[in-house]
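Readers should treat all values here as calculations from the given coordinates under stated rules, not as data from a laboratory. Note that the structure is predicted; figures quoted are calculated from it, not measured. A quick note on method: Cβ atoms are made from the backbone with ideal geometry, for glycine too, and the neighbour counts reach across all protein chains shown.
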């Protein structure tokens, strides 16, 4: 199958509940990724993958882990990615290293550092590649 480029970017996140982002225990616990190909969002703006911290409980749609990143963060699939898990896994594996780098930093980040890394993450677009599956 022909390969194509995909862009992955953060859509939303889940943080620990503290009164202020500068609280020393404030941290990012999970994030959702959306994908686009050929300049169009895949499945509209549907979340395609959810990443969670190693100590974040998995339940419901997050019980099935598609990929474990080297940072020990888990990745579960949604929507179009869940309907084509082999294709999705190949796409996510193509950006495994940069995802592991940022999630590894987030694992140890607290307070202000979490806020800084979150801003960087939401400004980042991960350039992925995989099968040209969706038309």
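Stretching the chain fully between residue 64 and residue 79 yields a gain of 4.0 nm (0.36 nm per residue, less the alpha carbon separation).
Taking other C-beta atoms within 10 angstrom as a stand-in for reagent exposure, 23, 45 fall in the order 45, 23, fewest first. Distances between every pair of Cα atoms in the chain, grouped in 10 Å steps from 0 to the bin holding the largest one, split as 13, 45, 31, 10, 1 percent.
Modelled label positions at residue 135 and residue 55, each set 7 Å beyond Cα in the direction of Cβ, lie 4.9 nm from each other. Measuring between their Cα centroids, the range 101-128 and the range 1-70 lie 12 Å from each other. With all projection directions averaged, the alpha carbon convex hull of the range 73-135 covers 4.8 nm².
Modelled label positions at residue 40 and residue 2, each set 7 Å beyond Cα in the direction of Cβ, lie 1.4 nm from each other. Model label sites at residue 107 and residue 15, defined 7 Å from Cα along the beta-carbon direction, differ in position by 2.2 nm.
Entry note, the chain: the mean residue ellipticity at 222 nm calculated from DSSP H runs of n ≥ 4, each adding -39500 (n - 2.57), is -8000 deg cm²/dmol after division by the residues and rounding to the nearest 500. Can you classify the range 37-77 as rounded, prolate or oblate using the Cα gyration tensor, where a ≥ b ≥ c are the square roots of its eigenvalues, rounded means a/c under 1.5, and otherwise it's prolate if a/b beats b/c and oblate if not? Judged from the Cα gyration tensor, the range 37-77 comes out prolate (a/c at least 1.5, a/b above b/c).
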